[in-house]
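Working notes, beginning with the structure itself.
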Amino acid sequence: MSSETKQILTTDGIPLEVSLKKAEKKNKIKAFLLVAPLLLFLVITYIFPIGDMFMRSVDDKMITNMLPKTFKAMEKWENLEELPPEEVYRSFYEDYKLLAENQQHGKLGQRLNKEKNGFNTITKKLFRQIKRKKIDESVSLKEQINKLHKRWRNVEYWLAIKRTAPPYTVAKYLKGMDMYFDSDGSITQVEEDRRIHRILWLRTLEIAFFVTLFSFFMGYPIAHLLATLPMKYSNLLMICVLLPFWTSLLVRTASWMILLQQQGLVNDFFVMIGLVGDDNRPEMMYNKVGTYVAMTQILLPFMVLPLYSVMKTISPSLMRAGKSLGGTPFVAFWKVYFPLTIPGIGAGCLLVFILAIGYYITPALVGGASGTLISNQIAFHMKTTLDWSFASAMGLMLLTGVLVIYWIYNKLVGVDNIKLG
Amino acid sequence: MALPSYTETRYRIWHYIYLTICTFVFFFLIAPLFVIFPLSFNAEEFLVFSEGMKNLDPDAFSLRWYKDMIYGTKNPWGLAAKNSFIIAIFATIGSIILGTLAALGLSSRHMPYKGLIMATLISPMIVPLIISGVAIFFFMAKAGLAATHTGIVLAHIILGTPFVVITVTATLSGFDHSVTRAAASLGSNPVNTFMKITLPLILPGVISGGLFAFVTSFDEVVVVLFLAGLENTTIPIQMWTGLREQLSPTILAVATCLILLSTLILISAELLRRRSERLRGINR
């Protein structure tokens, strides 16, 4: 009797519990199969390539593959204060000779030169000696190589080769922060006047921060107006926000380039009201002013839309209640209305900040030299210097920053609450 | 926004200051777009308002830059416009199909690891474009798709699907699932139910997601700059090159056309939003 009440059977004689689980599992698979095509597509074309970026950024296998024997011999080099033993010299010579035969020696010289200045000269010297067959392999190679140049007698250079042995390196990340490995392997900062990347990171943060701030102070009042006006007026004014939102980024940048040029309308206006002299028109483009103005206008809709969608849900009777309980309009606003809009503020600010921190097109066009941001530097290394591993490293550093912000965003508002238009 | 008659003077003043600020911000948002219109009809080659234009002299206006845009010799705009439309249309179709399917799966309450998968699917929207550009370039170069239309279309599908996923998931959140169950109990198979019941109801969301995907593709320049060869040039690339080298009034003619296009898209997006709200029974 007791077993009958525990196990309810379906018409096929299978326990209901099992049958239900089976159905649930089937539904799970069905749901997953619907998501699978996009997930698979994104993983292959997008997520893996980002992983590939990481591999490229730490990859240092080139030199490991070029000098296999040398690095094997160096394992036995124990007293690092003194020059390595004959065996290391011989392995290096053999590796180098092979590279010279395959016309690969130039790459090695350049790569070693990056590790320690002066390598290019002495490897070229070795190459010439090998080409003229001036090196006698039957006697000590250590003496012969040491005789070529005094730098070969300097243990620092051999230590530099040893440092390149691991197939992975974080050197590119250090370079992105204006640091490098010193000859003794410790992390050192580059000289003060060569710290270009740190300036760029700080400038990127600064511009993103101020653009967010400006957008907030401009976006809050108009979002409030749009949310409180009667529908027929607010719909009309909403066009002012939505039309720029839908318009091409390049079109909006072009319009700022026209407005801000020296003979442009903004300067005309300043001259007209007598703020500046006609012969003394200020430069408003190709500097930070241009970047701030154009970026604020372009990103403003991303601030207004989330704010608006939150403010729309706040009942106007709350403000009336605050006032009727004795608060002045200011107190009622500050104690009642403002706290209710905080989710919208969080969403808008983080959205604008994330977009601003990765900005590329507008700063490149109106920013000039002082308006370039970290993204411009990444593009420069991708397209001009072709140092892809460095571009990857900087991209991943930027990505880490964005993911941290995104994580905060998710904690505060939730990804599902993103609203578009 | 009329103030009640009992408002104190200082709040009255404050109210007018607030309205002034709002007017200024709205002006700041919309005015730059209107500079482009008159200048694109400039008869001269300079990008400033000539004396004739300020006096509304009809001779100071002309259509020469529009003619140059369409008939100009060795003009890239024709090819660029053709490429832009082909790429954007295919990218939109791809985004709609993949994004709608994924949104249907994500809206099912049986979906495992919903949060993680949602985060992955919309990640291309959060990751800065420059990083997406680098990553996608590495993939396309390996796959041999760099400097091909296919490669650019695939890249734009990656960037466009998050919008479709978000809009369709939002539409489905107000979706009454009992209608599909009703269809099933009346003997309809799942495909038939989807085509006849679900799709018509979520169509506004699908189309507005598609509009986002279309605009994203049509306006995208960062990723295309990495991927495109000479044959795959698009309107944004031509504008980018033009703006970098020399601002010619022809660009303004193109920009005017783009503003008209975005106005059209804005109107259709608004109509769709209203229709969707009506269909889902949200009354405001």
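The values are calculated or read from the model by the stated rules, or taken from the named source; none is laboratory data. Everything quoted here is computed from the prediction, not taken from an experiment. Cβ placement follows ideal geometry from the backbone for every residue including glycine, while neighbour counts extend to all protein chains displayed.
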Among the candidates B:T120, B:T100, B:T92, B:T150, single out the residue that is assigned to a helix (DSSP H, G or I), among the polar types (S, T, N, Q) and at the interface with chain A (Cβ under 7 Å from one of its Cβ atoms).
-> B:T120
Within the stretch A:115-149, residues within 43 Å of the chain's Cα centre (by Cα) and among the basic types (K, R) come out as A:K116, A:K124, A:K125
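The rows are residues; the columns are (1) over 15 Å from B:F226 (Cβ atoms); (2) within 20 Å of the chain's Cα centre (by Cα); (3) at the interface with chain A (Cβ under 9 Å from one of its Cβ atoms).
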{"position": "B:P112", "(1), (2), (3)": "yes, no, yes"}
{"position": "B:G115", "(1), (2), (3)": "yes, no, yes"}
{"position": "B:S132", "(1), (2), (3)": "no, yes, yes"}
{"position": "B:F138", "(1), (2), (3)": "no, no, yes"}
{"position": "B:R181", "(1), (2), (3)": "yes, no, no"}
{"position": "B:S188", "(1), (2), (3)": "yes, no, no"}
{"position": "B:F194", "(1), (2), (3)": "yes, no, no"}
Within the stretch B:142-165, track down each residue that is in contact (Cβ under 8 Å) with a residue 60 or more places away in the chain and β-branched (V, I, T).
-> B:T148, B:I152, B:V153, B:I157, B:T161, B:V164, B:V165
The stretch B:49-80, subset of a type in the set (A, V, I, L, M) and surrounded by fewer than 17 Cβ atoms within 10 Å (Cβ to Cβ), residue modelled with the lowest pLDDT | B:L56
Criterion (among the basic types (K, R), within 16 Å of A:T228 (Cβ to Cβ) and assigned by TED's automatic domain parsing to the domain that holds A:M257) met by exactly one of A:K323, A:K335, A:K288 | A:K323
Answer with yes or no whether B:L247 is surrounded by 14 or more Cβ atoms within 10 Å (Cβ to Cβ), facing chain A (nearest Cβ under 10 Å) and farther than 15 Å from A:T253 by Cα.
-> no
Filtering the stretch A:65-90 down to residues that are within 19 Å of A:E143 (Cβ to Cβ) and exposed (fewer than 13 other Cβ atoms within 10 Å of the Cβ) yields A:N79, A:E82
For the stretch B:24-53, enumerate the residues that are assigned to a loop (DSSP other than H, G, I, E, B) and under 20 Å from A:R252 (Cβ atoms).
-> B:F41, B:L47, B:V48, B:F49
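Quick grid of which residues meet (1) surrounded by fewer than 24 Cβ atoms within 10 Å (Cβ to Cβ); (2) at pLDDT 85 or above; (3) in contact with a Phe, Trp or Tyr (Cβ under 8 Å, 6 or more places away or on another chain):
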residue: A:K335; (1), (2), (3): yes, yes, no
residue: A:G348; (1), (2), (3): no, yes, yes
residue: A:L351; (1), (2), (3): yes, yes, yes
residue: A:L355; (1), (2), (3): yes, yes, yes
residue: A:G371; (1), (2), (3): no, no, yes
residue: A:N376; (1), (2), (3): yes, yes, yes
residue: A:M382; (1), (2), (3): yes, yes, yes
residue: A:A393; (1), (2), (3): no, yes, yes
Any idea how many residues of the stretch A:207-232 are out of contact with any helix residue (DSSP H, G or I) (no Cβ under 8 Å at 6 or more places or on another chain) and not in a helix (DSSP H, G or I)?
-> 1
Identify, please: which residue in the stretch A:333-363 is free of Cβ contacts under 8 Å to residues at least 40 places away in the same chain and within 11 Å of another protein chain (Cβ to nearest Cβ) and is, among those, farthest from the chain's Cα centre (by Cα)?
-> A:F333
For the stretch B:47-67, the count of residues that are within 11 Å of chain A (Cβ to nearest Cβ) and touching a residue at least 60 places away in the same chain (Cβ under 8 Å) equals 1
Search result, residues across the stretch A:13-32 that are closer than 22 Å to B:Y113 by Cα and more than 7 Å from chain B (Cβ to nearest Cβ) = A:L20, A:K21, A:K22, A:A23, A:K25, A:K26, A:I29, A:K30
